Each structure stands twice: as structure tokens, then as C-alpha cells.
1. Starting from segment 85-97, keep only residues that are more than 12 Å from LEU147 (Cα to Cα), then list their pairs with residues that are more than 16 Å from ligand 1 (Cβ to nearest atom) and of a type in the set (S, T, N, Q) whose Cβ atoms are within a distance under 7 Å, requiring at least 6 positions of separation or different chains.
2. How do the helices (runs of 4 or more DSSP H) wholly within segment 39-108 filter down when requiring 3 or more residues that are touching a strand residue (DSSP E or B) at 6+ places or on another chain (Cβ under 8 Å) and in the same structural domain as ILE24 (by TED's automatic domain parsing): which remain?
3. Against the condition in contact (Cβ under 8 Å) with a residue 24 or more places away in the chain, among the aromatic types (Phe, Trp, Tyr), surrounded by 16 or more Cβ atoms within 10 Å (Cβ to Cβ) and touching a Cys at 6+ places or on another chain (Cβ under 9 Å), how does PHE34 come out, does it pass?
4. Being closer than 30 Å to ASP201 by Cα and assigned to a helix (DSSP H, G or I) is the filter here; which residues of segment 242-297 pass it?
5. Of all residues in segment 8-56, count the ones that are farther than 14 Å from GLY213 by Cα and β-branched (Val, Ile, Thr).
6. For residues that are touching a residue at least 60 places away in the same chain (Cβ under 8 Å) and more than 16 Å from ligand 1 (Cβ to nearest atom), tally how many sit in segment 67-84.
7. Within segment 139-189, work out how many residues are under 19 Å from GLY31 (Cβ atoms), surrounded by fewer than 20 Cβ atoms within 10 Å (Cβ to Cβ) and within 16 Å of ligand 1 (Cβ to nearest atom).
8. Just give me the residues in segment 199-235 being out of contact with any Phe, Trp or Tyr (no Cβ under 8 Å at 6 or more places or on another chain), in contact (Cβ under 8 Å) with a residue 12 or more places away in the chain and among the charged types (D, E, K, R), in sequence order.
Amino acid sequence: MSAIVEVENLTKRFSEDVLAVDDISFSVEEGEIFGFLGPNGAGKSTTINMLTTLLKPTGGKALVAGLDIDKQQDEVRHVIGLVPQDLTVDDELSGRENMYLQADLYNVPRGEAKTRIEDLLKLVNLEDAADRRVKTYSGGMRKRLELAEGLIHRPQVLFLDEPTLGLDIQTRTAIWEYIRDLKKNNVITVFLTTHYLEEADGLCDRVAIIDHGKIVALDTPENLKHSVGGDVISLEVTSEKDLTEDLKRVPGVMDARKEDGQYRIKAANGEELTPVVLKAVWDQGAVVTSVNLAHPTLDQAFLEYTGRSMRDAEQTGNYDKVAASRRARRMH
Ligand SMILES: Nc1ncnc2c1ncn2[C@@H]1O[C@H](COP(=O)(O)OP(=O)(O)OP(=O)(O)O)[C@@H](O)[C@H]1O
Ligand SMILES: [Mg+2]
């Protein structure tokens, strides 16, 4: 495998106080689904906008498919596809007409365009709705159309900025399936941003956790989760005796604590250890009234690396959505 996106010390400063992307370096391997996970205002869209040449960096450099995002903007645009965070399809046109428009924009020859458009409409399951005006589409259908549009010129790298933002969970899962299928059947690299933990966890091969413009961790979801500790077995037990020390002595137990009348036991492999722990409790003549096994989550990883959970980060984010969308409209 070789790197298809190479980023070195990339920086974007909007003003004296707004350093949106702060000296980030990373690379994306060919064929990967690579995710940027972070709360509102973390710098995800700013990074995508720089990598797709919509925004000029204030420092550092990046290569996409070996092309310099600063010096070879036109070439970069031909090898990438972009599905931006805000919707871009034309409401008054049908899905199919929108696709033809996009094909023209990328100079896809008409004869070739027809085959590609029919294939793509099939891929995103919009064949039946293709001749309806987009204004009659649901949010999920629009997103699928945009996904198809982003693919019309057969890009090597597809950039998706929040591909499932605001969609219900069924539609979100369907979009993940389309993205996975795409990767299965084509040589394509996908770079996406998200603030959904499940999306980063379930869809991405590797995830960079981004906060305040910095990458604070980068690894596979599995490694990120395990880097912050193992599984947690919670037990409710009726026993006169405090069993904390007995539990700590069980081989494989990393830590045991009693909190709110429950024992919380940390272990690298909860599935294997749960029966052993239960036996240790029974051996003390105690009765177990409830057992729960929890695997580490990406939110715990987020908490570990940033000092706050994703939910708290979203609430205290310095990002004003309304101001941002006004700003986006002004820019158009
Ligand atoms: N055009 C702009 N001018 C000034 N500041 C900007 C501009 N675009 C973004 N910012 C600021 O840069 C920071 C990063 O914004 P960005 O849109 O990259 O975040 P994000 O991670 O994509 O957030 P979200 O999850 O809300 O989409 C924020 O503080 C934002 O207010
Ligand atoms: Mg964004």
C-alpha cells in the first residue's frame, strides 16, 4: 500500500484568534476509508476544503494522488470527488438531470456519461426516483444523489464532509453500505469527516481524532478503543464482605473497584474473564444479582485524548452553526 493523501504541517488561520487547523500531519493509504472524527468547530471541514483546493492553506503542504494542492489545483480537482457538508444539488431539476449537469461540468463525454449515470443511479438505489424533481426527495435521497454525483468522473479519492449529518439511523446505515460497496467494487480511497462515533467506529479503517484544529490520536477504531483500557465487567452482589481485594487477585483482572454498590472490574478480555470472576465471587459465598459487560467505546477514547466527551465537546464548542451557515451563503 502507498499513501494517496500526504499532509505535512498543514495549517489554516482565519484570523488572529481563529486557528482552525493547527499544524497537522498524516497520510491516507490507497483504498482506505479514513475518517476525521471531532466535535463542531474542530477543523474538519476546513481540512477537507484545503485538500480539495477550495481553501488556501496558510502553512504546510499536502499532496493528493501525488499532486500539490497549492500548485496543481486543476489537476487535483480532476482526481478527486467531493460531497460537501451543505447540499449542492439543484432542487428544480430531476435526479438524472443533476447527474448530467455534473457530468458536463467534468467534461465526461455524453455517450460515456449515459452508462456511468445509469450505473451510479443503480448503485445509490435511485433508479425509480431518477426523473422526479429533487425537491420531492427526502434528505437521505438527496445525500445519495450527491454521493453519486461525486463519483461521476471516477475520482481516485472521494471526500465526504459529514456524509450522514442529520439523517435518521436507517438512512445512515444505508449510506454506509453504499460507501462500503463502493470500496469493494472500485479502487477508491474515501476521506470522510464525521462527529458520529458509530460512523467512525463502524465504517472507517482508520480514524484521526481532531480537536481544536489538532490531531490528538490516529489509529484503527479497535486500537483507539483498546488504548484507553479494556472491557469493564460490572457486578451487583449481595455479600456482607467487601470483595474488592478478592477480585483484584483474580488472574487477568487489571483493576477492581466498588462504586455505588457495584463492583467495576477492568479486564483486557471481558468475555473470557466474566465466568472466572463470577466463580471467584461464588467461592466467597456471595450471590450475584446482576452482570454487565461493556466494551470500550470511541467516546471513551475521545474523552481520554481530549479531556471531555464528544457530547460535552459539542455543547461547549465555540462554533456558531447559524453564523456559519450565513457565512456559507455569503460565500456563494
Ligand atoms: N470562512 C471562515 N472564516 C472564519 N472562520 C471560519 C471559517 N470557516 C470556519 N471557521 C472557523 O474555523 C473553525 C473550524 O471550523 P470547521 O468548519 O472546519 O469545523 P468542523 O470541524 O467542520 O465543524 P462542524 O462539525 O460544525 O462542521 C471554527 O472555529 C470556525 O468558526
Ligand atoms: Mg464541518
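The values are calculated or read from the model by the stated rules, or taken from the named source; none is laboratory data. Every value quoted in this text rests on a predicted model; they were computed, and no experiment measured them. Cβ: placed from backbone, ideal geometry, glycine included. Neighbour counts: every protein chain shown.
1. Partner pairs satisfying both residue conditions: ASP90/ASN98.
2. Of the helices (runs of 4 or more DSSP H) lying wholly inside segment 39-108, those with at least 3 residues that are touching a strand residue (DSSP E or B) at 6+ places or on another chain (Cβ under 8 Å) and in the same structural domain as ILE24 (by TED's automatic domain parsing) span 44-51, 73-79.
3. Yes: the conditions hold for PHE34.
4. Of everything in segment 242-297, those that are closer than 30 Å to ASP201 by Cα and assigned to a helix (DSSP H, G or I) turn out to be GLY270, GLU271, GLU272, LEU273, THR274, PRO275, VAL276, VAL277.
5. 4
6. 4
7. Residues flagged as under 19 Å from GLY31 (Cβ atoms), surrounded by fewer than 20 Cβ atoms within 10 Å (Cβ to Cβ) and within 16 Å of ligand 1 (Cβ to nearest atom) within segment 139-189 amount to 0.
8. The answer is ASP201, LYS214, ASP219, LYS225, ASP231.
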